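Trainee: Structure incoming, see below.
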Amino acid sequence: MADILTKEQRHKVMSRIRGKDTKPEMIVRRYLFSQGFRYRVNVSKLPGKPDIVLRKYNTVIFIHGCFWHGHQGCSHARLPKSNEKFWQDKIARNKQRDAEVYGLLIGRGFEVVIIWECELNDPEKRLAVLEGLPSLLLENRSHMLMEKEMQKRKKTCKK
């Protein structure tokens with residue numbers, strides 16, 4: 001099936017797709033800020049430039065578009081009928097890069113949280129996802145503090 005848009009129309013549509021400050025990102029950021037969490041956005045010094053970085057909680061949050069990151073089983077992740085091979089390869093490369101980035105971040109001691117665009121579109125899912133974030137962050141923080149305390153004890157025991 002051919003594309004129903006002209007080349008110029010398709011270019012205009014694709015050029016308006018934003019990489020940061022998207023509506024889903026803003027929903028999560030506003031919620032976190034309202035709950036007293038402070039964060040950095042799109043930190044270029046970290047692999048993958050995470051959408052939200054909460055250093056105090058050793059957590060990074062990626063808000064993924066279902067189409068661009070190939071959300072399994074999601075209706076928003078359907079591939080276009082035109083140029084199917086290109087899109088299959090593109091999404092596969094994105095998924096591969098995502099996996100590599102997550103590994104690097106975990107290796108640096110970060111907890112990686114993925115929030116899918118479709119979870120924020122549905123009001124019930126959105127509420128569940130957003131309300132679950134504070135407890136997840138606090139759990140990460142307490143785990144991190146316990147690990148630091150254990151390392152301190154190991155150092156003092158060696159002396």
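Trainee: Counting just the residues of the stretch 23-46 that are over 19 Å from GLU119 (Cα atoms) and crowded, with 18+ Cβ neighbours inside 10 Å, which one comes out farthest from the chain's Cα centre (by Cα)?
Mentor: Checking each candidate, the answer is PHE37.
Trainee: Go through the stretch 15-37 and count every residue that is among the basic types (Lys, Arg) and modelled with pLDDT of 95 or more.
Mentor: Of the residues in that region, 2 qualify.
Trainee: Step by step: first the residues of the stretch 47-83, then only those that are of a type in the set (D, E, K, R) and more than 12 Å from the chain's Cα centre (by Cα), then the one that is nearest to SER142 (Cα to Cα). Which residue is that?
Mentor: Looking only at the stretch 47-83, we keep the residues that are of a type in the set (D, E, K, R), and these are 49, 51, 55-56, 78, 81.
Now narrow it down to the ones that are more than 12 Å from the chain's Cα centre (by Cα): 55-56, 78, 81.
Working: ARG55: 13, LYS56: 11, ARG78: 40, LYS81: 48 Å.
Once the filter is applied, the top-ranked residue is LYS56.
Trainee: Which of the residues that make up the stretch 48-57 are surrounded by fewer than 19 Cβ atoms within 10 Å (Cβ to Cβ) and in contact with an Asp or Glu (Cβ under 8 Å, 6 or more places away or on another chain)?
Mentor: At the first step, the residues of the stretch 48-57 found to be surrounded by fewer than 19 Cβ atoms within 10 Å (Cβ to Cβ) are 48-49, 55-56.
Residue satisfying the conditions is GLY48 alone.
Trainee: So, in the stretch 71-83, how many residues would count as being closer than 25 Å to PRO50 by Cβ and either surrounded by 15 or more Cβ atoms within 10 Å (Cβ to Cβ) or in contact with a strand residue (DSSP E or B) (Cβ under 8 Å, 6 or more places away or on another chain) (or both)? Before the answer, list the steps.
Mentor: So the first thing to find is which residues in the stretch 71-83 are closer than 25 Å to PRO50 by Cβ, and the list is 71-74, 76-77.
Pick out the ones that are also either surrounded by 15 or more Cβ atoms within 10 Å (Cβ to Cβ) or in contact with a strand residue (DSSP E or B) (Cβ under 8 Å, 6 or more places away or on another chain) (or both) and you get 71, 74, 77.
Qualifying residue count for the region: 3.
Trainee: Mind listing whichever residues of the stretch 74-100 are over 27 Å from LEU46 (Cβ atoms) and of a type in the set (A, V, I, L, M, F, W, C)?
Mentor: Kept after step one, since they are over 27 Å from LEU46 (Cβ atoms), are these residues of the stretch 74-100: 75, 78-88.
Scanning the stretch 74-100 gives LEU79, PHE86, TRP87.
Trainee: When the stretch 84-112 is examined, which residues are found to be exposed (fewer than 12 other Cβ atoms within 10 Å of the Cβ), more than 14 Å from the chain's Cα centre (by Cα) and without any contact (Cβ under 8 Å) to a residue 40 or more places away in the chain?
Mentor: GLU84, LYS85, PHE86, ASP89, ALA92, ARG93, GLN96, GLY107
Trainee: Among the residues of the stretch 51-69, are any out of contact with any helix residue (DSSP H, G or I) (no Cβ under 6 Å at 6 or more places or on another chain), farther than 19 Å from SER135 by Cα and of a type in the set (Lys, Arg)?
Mentor: no
The values are calculated or read from the model by the stated rules, or taken from the named source; none is laboratory data. Just so it is clear, the model here is predicted, and its values are computed rather than measured. A quick note on method: Cβ atoms are made from the backbone with ideal geometry, for glycine too, and the neighbour counts reach across all protein chains shown.
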